[in-house]
1. Quick one: which residue in Pro509, Pro478 is closer than 23 Å to Ser246 by Cα, out of contact with any Phe, Trp or Tyr (no Cβ under 6 Å at 6 or more places or on another chain) and touching a residue at least 12 places away in the same chain (Cβ under 8 Å)?
2. Based on what the data block shows, is Gly333 among the small types (Gly, Ala, Ser) and assigned to a loop (DSSP other than H, G, I, E, B)?
3. So the check is Cβ under 7 Å with 6+ separation or different chains; which pairs have a first residue in the range 587-601 that's part of a loop (DSSP other than H, G, I, E, B) and a second one that's loosely packed, with under 14 Cβ neighbours inside 10 Å?
4. So in the range 348-367, with the set limited to residues that are in contact (Cβ under 8 Å) with a residue 24 or more places away in the chain and out of contact with any helix residue (DSSP H, G or I) (no Cβ under 7 Å at 6 or more places or on another chain), which one is surrounded by the most Cβ atoms within 10 Å (Cβ to Cβ)?
5. Which one of these does Pro277 not meet: (1) in contact (Cβ under 8 Å) with a residue 60 or more places away in the chain; (2) farther than 30 Å from Ala485 by Cβ; (3) surrounded by fewer than 16 Cβ atoms within 10 Å (Cβ to Cβ)?
6. Failed condition for Ser673, given (1) in a helix (DSSP H, G or I); (2) crowded, with 19+ Cβ neighbours inside 10 Å, with all others met?
7. In the range 112-137, what count of residues is obtained for those that are aromatic (Phe, Trp, Tyr) and either under 26 Å from the mean Cα position of the chain (by Cα) or modelled with pLDDT under 95 (or both)?
8. For residues that are within 15 Å of Lys607 (Cα to Cα) and hydroxyl-bearing (Ser, Thr, Tyr), scanning just the range 565-586, find the one that is surrounded by the most Cβ atoms within 10 Å (Cβ to Cβ).
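The values are calculated or read from the model by the stated rules, or taken from the named source; none is laboratory data. Just so you know, these numbers come straight off a predicted model, no measurement behind them. Every residue, glycine among them, receives a Cβ derived from its backbone with ideal geometry; neighbour counts consider all protein chains shown.
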Amino acid sequence: MINVTKRNGSIEMLDLNKFHKVVSTACDGLTGVSASYIELKSQVQFYDKIKTSDIQETLIKAAAELISEETPNYQYVASRLINYDLRKRVWGSADPEHLSYRIHYNVSAGYYDPDIIKWYSDEEFEELNSYIVHDRDYSIVYAGMEQLRGKYLIRNRVNNVFYETPQQAFMSIAMVLFHKYHGKTRLKYVKELYDAISTFDISLPTPIMAGLRSTDKQFSSCVLVDSGDSIDSIAATSAAVMKYVSQKAGIGINGGRIRALGSRVRNGATVHTGIIPFWKHFQSAVKSCSQGGVRGGAATIYYPIWHLEVEDLLVLKNNKGVEENRIRGMDYGVQFNKVFYERLLTGQNITLFSPGDVPDMYDSFFTDVEKFRQIYENAENNPNIRKKTVPALDLFSAFVQERKDTGRIYLMNVDHANDHGSFDKKIAPIYQSNLCCEIDLPTKPLNNIFDEEGEISLCTLAAINWGKIREPRDFERPCTIAARALNELLDYQDYPVAAARASTMARRPLGIGIINLAYWLARNDIRYDGIDRPGLNNLHEFAEAWSFYLIKASVDIAKEKGSCSKNSETLYSRGIMPIDTYKKEVDELVDPVYKMDWDKLREDAIKYGIHNSTLMALMPAETSAQVSNGTNGIEPPRSLVSIKQSKDGILKQVVPSVSRLKNKYDLLWDQKSPEGYLKICAVLQKFIDQGISVNTSYNPKHFDDDQVPLSVLIKDILLAYRWGIKQLYYNNTLDGAGEIEVENKTPLNDLPPEEDCLACKI
């Protein structure tokens, strides 16, 4: 006989009928699942006086272990069991409580923004309560529900008391975002956003999902901080990084302005200690504060390939040196432009300089390739300027070797970032990207932490679920509501640093991306590997509509509220769209045929301006893609049953429609080359005003001696440049070392562990 300990501490005998009812209810209406099998698997783990909460977790674990390609519906059983437990914790029963009661309770408990109950009347609460569809919780898969309860739903992390259910959270988010609208218009947009979130048309990022409705008021995912070369600027950069890491943001740092080791300081009174000590200082700032008490911060730091210390900077991430000459707690973005690719292809040398030694070289590197070339070549021929010469092939080889070995040395093509985007590069140049290599926004170094003349750029993210799109016109509704919602967020959130507020209010940048592309491709019988022109043309048509409706949404907001104050610094203000500035080499891949009314949009953009200086960015979308039961961002799945390492354990998730489409999915490690994936990225980049987190992935089994040659990596980097890709993010290699084989044949160690930062991984 087994007794159980109830939630109130009382002891009673295990009621098998009640136990059976919970499991069988979770299995109702699902094919290919067995309640009795779950019961058998779980009962062997029972013991006398087991807590009812532990029984529930045992049932969840038993159901989750049964998730497979052949039995995908166990992911819904496990999710329903979590949901049952969650409702008991929040409501005290399975019966929904009134929205008004929950929000008032959470306000009084200090977890919700107290203004929510001031903004909405009793009548509005009543209407919105009747609109909630709690049964939508049943469409959330196991991995998604685990992510919700582990990261997103508001709770006391000390005693594990939960304060909301998923649908209550989704409605509360919508209520906060549109609280400034009035009357029926307000309720209309609240309902539309709630529907879009709860049916997974739109995927929201971690800062919004975890924090919006709470007393926390910083929800931008990405922060770009530009360091100058002075002590004051470096100190201000460090202070800004600390403030934003503590607010759960991912950090991009431009560290390339800092002069090289041995440079003159105070006219030669002393010599400079070089770039590495100051970058160590940045690393300390990144790691000194936790992201919302959950994990340490994360940053990528950017620098030009021609920096005098580049040979030492390229190896900072690897494990071959000692702590004194390594900085392993950050990732690195190395910056290139056309000049350096030309030197590689023609077998020339690359000359290294300290940025401050040659006037105008650093700025022209980003804004004007031909001016940079002239300054650079003149400096090479000037014997009075300190320099070092390295064969271009040697430097590129060192770069790709470190990228291959660490996976975390990134690439930024700064000429593409400035030539194909939202901004007039002569007025508002792009000097860096963010943590995950998809954000391209203007920055300016701070002289001190209170400097409003400097510019810290923030980007607020979301994504459109392409898996829900059947026709190009289907993009209009989710794109419109996503742009409006994020735009409202910019005014609602707080800004810990004045330079960030000033920049955000002036430019109002958004980054709306994509999830579930792999499912969309599979459903349309399009493959990553060996993708052909008809497939790319199909992708082109949908990408065009996605981009068009996002831009149109912002122009429509400008008609109502006016353009952003720095509208004149955008190309949009002149009627120049992303389709006007892309690399024309993309036409080699796809027909430049357009079906949307771009001429009318250009006219409206010139007449009314644009309310948001950027609209698109393709971020890594991992966690929230799981909540939406979608594949990660634009990435190919590694397996039909994906496994994600989480602090809560191993989470299984089956790709959408696996039974019907299992042979249509193009799995990552089956692909012989990333070339097809790069073609897809090139077509998407054509329509994007910011960037894409583009990964390169290689399975050594497709190469002689099971080794990926450096020449292959260089070739793909050249292809990416040719087709206009702005940044390259991770380099993934399936090395097979210490693989743990599971039923879906995915090696656990190959899966990237849940990253230091969740912000961009929406």
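1. When all the criteria are applied, what remains is Pro509.
2. Judged against the criteria, Gly333 is not a match.
3. Going by the 7 Å Cβ cut-off, the qualifying pairs are Val590/Arg533.
4. Applying the filter and picking the extreme gives Ser354.
5. Just one mismatch for Pro277, condition (1).
6. Tallying (1) in a helix (DSSP H, G or I); (2) crowded, with 19+ Cβ neighbours inside 10 Å, Ser673 fails exactly one: (1).
7. Result for the range 112-137: 1.
8. Tyr572
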